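Every read-out reported here was derived from the displayed coordinates using simple, explicitly stated rules and does not represent laboratory data. Predicted model only: the values in this text are computed from it and were never measured. Cβ sites come from the backbone with ideal geometry, for glycine too, and all protein chains shown count toward neighbours.
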Amino acid sequence: MAWGPRPRRRVGVMGGTFDPVHHGHLVAASEALESFALDEVIFVPTGEQPFKTDRDVTLAEHRYLMTVVATASNPRFTVSRLEIDRPGKTYTIDTLRELKAQMPDTDLYFITGADVLPQILTWKDADELWSLAHFIGVTRPGHELDTSGLPEAGVSLLEVPAMAISSTDCRRRVAAGKPVWYLVPDGVVQYIAKYGLYRRGSAKVDDFSRPRPRMTTRARDERSVKLPPRAVGAGK
Ligand code: ATP
Ligand code: MG
């Protein structure tokens, strides 16, 4: 075995509201892991939102737990509470600074939808961002993107195949009683059903400690019309 300095660790950071986390996020993280030879991708669910003020965001604890459920099976995916445990607004720059302080010998790769990249120039302390992390902008295959104004050395683009999935669409589907199977991981489908998230008038006010009661076996048996067991509940 050759002796020499240990290679620096390469860690991806995927910030997001994750309301809910979906397969687009997971595929993007997985592709970044592979393409940039990352050792790990840390998902960082947002706490209070600096930009998304147009809608009420689901409780951070729910979004955090859904992200944990979604990433649990991948040994290279982890979830950080850094932003949700911090009171007040958290900016990406603060998160990157803190991660860098915790892991000084690590190169950080911030993974984000490429459509967000031009916005980065307007972020707090934008100039410093480029020194803290390399930015990976994920795009839809075949989609042209204007990266003018962004430092060439600091940004890479990466095509991922599941870009059409969005949390907004998942929330709308649940509210309309449509399935989200295969758009989000199975455990997240079950988590959403357990806490009654995204149903009209439910989401953010729900007490996270109390799951919404599901129909019991007895209540089901007492219904006049009997459905075969696989047709009831949240079956696929
Ligand atoms: P919303 O619809 O509420 O805006 P979203 O689906 O965009 O949600 P976010 O939590 O806002 O999800 O996204 C977190 C990060 O993942 C952002 O950088 C976003 O650009 C990126 N992202 C979102 N959807 C996808 C997708 N389908 N494929 C790859 N990256 C995605
Ligand atoms: Mg978004």
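Things worth noting here:
- Scanning residues 5 or more positions from Val13 or on other chains, those with amide H under 5 Å from its amide H are Ile42, Tyr109, Phe110, Ile111, with H placed 1.01 Å from N in the peptide plane.
- Charge sum, other residues only, whose C-beta stays under 11 Å from Arg200's C-beta, Lys/Arg counted +1 and Asp/Glu -1: +3
- Stokes-Einstein D (µm²/s) once Rh is taken as the Kirkwood radius of the stretch 61-190 over alpha-carbon pairs, at 10 °C in 1.306 mPa s: 94 µm²/s
- Proximity of backbone amide H atoms, modeled 1.01 Å from N, is registered between Trp123 and no other residue at under 5 Å, excluding neighbours fewer than 5 places apart on the same chain.
- Ordering of 126-133, 10-17 by packing [mean C-beta count within 10 Å, highest first]: 10-17, 126-133
- Distance from the C-alpha centroid of the stretch 61-120 to that of the stretch 153-176: 17 Å, rounded to the whole angstrom.
- When the P(r) of the stretch 95-158 is calculated, the portion above 15 Å amounts to 50% of the C-alpha pairs.
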